[in-house]
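Let me begin by presenting the structure, written as structure tokens, before commenting on it.
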Amino acid sequence: MNIILLGPPGAGKGTQAKMLQDMFNLAKLSTGDMLRAEVSEGTPLGKKVQDIMTRGELVPDDIIIAMIRERIKEDDCKNGFILDGFPRTVAQAEALDKMLAAEKASLDYVVELKVDDAALVKRITGRFSCGKCGAGYHETFSPPKQAGICDACGSSEFVRRKDDSEETVVNRLKAYHAQTAPLLPYYTQKGILLSVDGMLDISMVSKQLEAIIGKKQPAAASARK
């Protein structure tokens, strides 16, 4: 089963992808996480994209496509995968279609998490994490139980992502609406786009996803029968 999660930054794609990963034993492929790992490790690719990401701009298609092309060949993707953060443009979607066709595979679901821009800005700019173990928090929605102390490891060192500033978030939202939103009609035309209310509580969003994926016969799986 191959799934794409669509939605602007901060919509909760990563959280829901993890739920689907555990439920259906799929590989979770987050291009954002993959790119940040490259930056953290100081690889040539990481150095190339660091400034781009800090400004909140989209990483060029050729870089993302090359990274994904190699990743989906790994063994953990044999049972299927969840793409979080890719594709971001129609050109990338077309490239993904070509890659999957070459592997005699296809997409089963493309799920849109619908959210409100103003709420997203508040959601993203309030995020921070433990600098030691990586546990995530939010100033309003999910603060540590004891102020200044990580619930998971007890560390008092916290960090914020540079690309979580309000200015950067607004730029990312503008980029999403200009470049990624056209994917909605693209996948609607293919008959595989589904939508859920991403503004609900995390557990409620998960229940929506479980209901539509559990009850609806995957388009690609049906075609293979």
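The single condition among (1) surrounded by fewer than 19 Cβ atoms within 10 Å (Cβ to Cβ); (2) in contact with a helix residue (DSSP H, G or I) (Cβ under 9 Å, 6 or more places away or on another chain); (3) of a type outside the set (V, I, T) that L35 does not meet is (1). Out of everything in region 100-135 that is within 16 Å of I68 (Cα to Cα) and exposed (fewer than 15 other Cβ atoms within 10 Å of the Cβ), what residue ends up being modelled with the lowest pLDDT? Here the answer is E103.
In this entry, A147 is excluded by the filter for residues that are surrounded by fewer than 16 Cβ atoms within 10 Å (Cβ to Cβ), of a type outside the set (F, W, Y) and either in contact with a Pro (Cβ under 7 Å, 6 or more places away or on another chain) or under 16 Å from P9 (Cα atoms) (or both).
Taking the stated definitions as given, is E167 modelled with pLDDT under 90, of a type in the set (D, E) and under 23 Å from T89 (Cβ atoms)? Taking the combined requirement at face value, the residue satisfies it.
In region 195-215, the residue that is surrounded by the fewest Cβ atoms within 10 Å (Cβ to Cβ) out of those that are over 20 Å from P9 (Cβ atoms) and hydrophobic (A, V, I, L, M, F, W, C) is A211. Candidates in region 47-97 are the residues that are more than 23 Å from G12 (Cβ to Cβ), of a type in the set (G, A, S) and at pLDDT 85 or above; of these, the one that is surrounded by the fewest Cβ atoms within 10 Å (Cβ to Cβ) is A91.
The values are calculated or read from the model by the stated rules, or taken from the named source; none is laboratory data. Fair warning: this is a prediction, and the values are worked out from it, not measured in the lab. Cβ: placed from backbone, ideal geometry, glycine included. Neighbour counts: every protein chain shown.
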